[in-house]
Structure formats: C-alpha cells, structure tokens
1. Can you work out which of the residues in the range 102-119 that are part of a strand (DSSP E or B) and either among the hydrophobic types (A, V, I, L, M, F, W, C) or modelled with pLDDT under 95 (or both) is surrounded by the fewest Cβ atoms within 10 Å (Cβ to Cβ)?
2. Before we move on, is Ser83 crowded, with 19+ Cβ neighbours inside 10 Å, touching a helix residue (DSSP H, G or I) at 6+ places or on another chain (Cβ under 8 Å) and of a type in the set (Ser, Thr, Tyr)?
3. Is there a residue in the range 151-172 that is under 24 Å from the mean Cα position of the chain (by Cα), within 20 Å of Tyr112 (Cβ to Cβ) and surrounded by fewer than 19 Cβ atoms within 10 Å (Cβ to Cβ)?
4. Of everything in the range 28-50, what is among the β-branched types (Val, Ile, Thr) and buried (at least 20 other Cβ atoms within 10 Å of the Cβ)? Give them in sequence order.
5. When residues of the range 56-73 are filtered for being outside any loop (DSSP other than H, G, I, E, B) and either at pLDDT 95 or above or of a type in the set (Val, Ile, Thr) (or both), how many remain?
6. If a residue has to be farther than 15 Å from Ile85 by Cα and either of a type in the set (Lys, Arg) or in contact (Cβ under 8 Å) with a residue 12 or more places away in the chain (or both) to count, how many in the range 106-135 make the cut?
7. Looking at the range 136-165, which of the residues that are in contact (Cβ under 8 Å) with a residue 40 or more places away in the chain and of a type in the set (A, V, I, L, M, F, W, C) is nearest to Asp33 (Cα to Cα)?
8. For the structure I just gave you, tell me whether Lys93 is at pLDDT below 90 and either on the phi > 0 side of the Ramachandran plot or assigned by TED's automatic domain parsing to the domain that holds Lys143 (or both).
Amino acid sequence: MNEIKRSGQFVAPGDKLGVIEEFIASSGTYVKDDKVFAKLVGQVLLDLMNKKVSVYPLTRNVIVPKVGNIITGDVVNVQETSSIIRIFKIGGKPVSGFFSGIIHISDVSFSYVNSMFDAFRLGDILKAKVISEKNGAYHLSTKGQNLGVIYAFCSSCGGILSRKKNKLVCERCGNTEKRKMSSEYGRGPL
C-alpha cells in the first residue's frame, strides 16, 4: 500500500492515505491504528492548508450508511451484550455494497434490557438508526418506537411470529417469544 501524495489519485476502500499526524480524516475516510484509509472508491482530495484528506466517490448515487440514517437489516450474530446486523437497505433503498453494524445492549431500548437474547434472535429483520461510525464500524440503535424488530421467526420451528399485544406468538407451534419490536412490526414489505 503506497501512501497517497497528490489530489485526484484513484483509491479503493482500504487504501492507505496517510497518518493522523499528517492529515485529519474527512469525508470518505476512516482511521485505524493511527492511519487514515479510504472508505470508498473515488478520488483523493488533499487540503494541505487545513491538513485534511477526503475521498469523493466516483459515482454520485452511492448508497452507504451515514450517521442519522435509518437502516433495515437482519441479525447475523447475537451475543449476551451485542448483536451484529447485516445492513441491506438505507431509507428504503438497497445499499451499494456490503455493510454491517453493531448494536450494544445499552442502545436497544430506553428501558432496561437484561440480555440481547430478549431483544433479538438470529434471522430477525429490524430497523435501526446509525448513531456513529467509530473505529470503522457502524454503531446502531433501536431506541425509539418505530425502531426494532419488524419481522421475526420462531426459535422452535422457524415459523413467522405474529404480534399479540407485547409478545410474539408462533402461529404454527404456539411458541411465545420476546423481542424489542418496532411499532411497524409485521406491516408492509421490507
């Protein structure tokens, strides 16, 4: 990986642009281990006056997660205090590439959550808000009435769970489960 030394140079995600002692990371970049890297495919812009480095996308309609976006994704990993979400839509539009985010137990709900297994399960489809992009990872939150699980599947038989007040019931086997549900649970297409 050669360091970028001039504006206009083509870069791809992961290309090293410099070090934080030399440049401040700006749009289209991220910092890891005191080094600045490109986050997307584009051209480098070096602002030598302000010591900033940016990457501007080559295509104008690239859809990538940004802080404040509402995403739709599916749960691909659940641990006691966190879950990994594969993001497939941002504001109803398919994403440009592969992105994942993490939800910490403190960002699930305004009320206390004992375990992530009470909020999410593998395969659940949910809506969440991007709250930060620290350390090259998208941090998500489901705090809010319209955020949380919008479709869930039975842990016993795999059937779709139907909402019955504040619980989810499997129509196939009768199993009852808990989730951090969105007010939009079970409504409409993904």
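The values are calculated or read from the model by the stated rules, or taken from the named source; none is laboratory data. What you see is a predicted model; the values in this text were computed from it and never measured. Cβ coordinates were reconstructed from backbone atoms using ideal geometry, including for glycine residues, and neighbour counts include every protein chain displayed.
1. Filtering the range 102-119 for residues part of a strand (DSSP E or B) gives 102-104.
Those left that are additionally either among the hydrophobic types (A, V, I, L, M, F, W, C) or modelled with pLDDT under 95 (or both): 102-103.
Values: Ile102: 16, Ile103: 28.
Restricting to residues being part of a strand (DSSP E or B) and either among the hydrophobic types (A, V, I, L, M, F, W, C) or modelled with pLDDT under 95 (or both), the top hit is Ile102.
2. Details: crowded, with 19+ Cβ neighbours inside 10 Å: yes; touching a helix residue (DSSP H, G or I) at 6+ places or on another chain (Cβ under 8 Å): yes; of a type in the set (Ser, Thr, Tyr): yes.
In short, yes.
3. Taking every residue of the range 151-172 in turn, none turns out to be under 24 Å from the mean Cα position of the chain (by Cα), within 20 Å of Tyr112 (Cβ to Cβ) and surrounded by fewer than 19 Cβ atoms within 10 Å (Cβ to Cβ).
4. As a first pass, look at the range 28-50 and keep what is among the β-branched types (Val, Ile, Thr): 29, 31, 36, 41, 44.
Scanning the range 28-50 gives Thr29, Val36, Val44.
5. So the answer is 4.
6. Restricting attention to the range 106-135, the residues satisfying the condition of being farther than 15 Å from Ile85 by Cα are 106, 109-115, 118, 134-135.
Filter once more, keeping what is either of a type in the set (Lys, Arg) or in contact (Cβ under 8 Å) with a residue 12 or more places away in the chain (or both): 109-110, 113, 115, 118, 134-135.
Residues in the range 106-135 being farther than 15 Å from Ile85 by Cα and either of a type in the set (Lys, Arg) or in contact (Cβ under 8 Å) with a residue 12 or more places away in the chain (or both): 7 in total.
7. Looking at residues that are in contact (Cβ under 8 Å) with a residue 40 or more places away in the chain and of a type in the set (A, V, I, L, M, F, W, C), I get Leu140.
8. Spelling it out, Lys93 is indeed at pLDDT below 90 and either on the phi > 0 side of the Ramachandran plot or assigned by TED's automatic domain parsing to the domain that holds Lys143 (or both).
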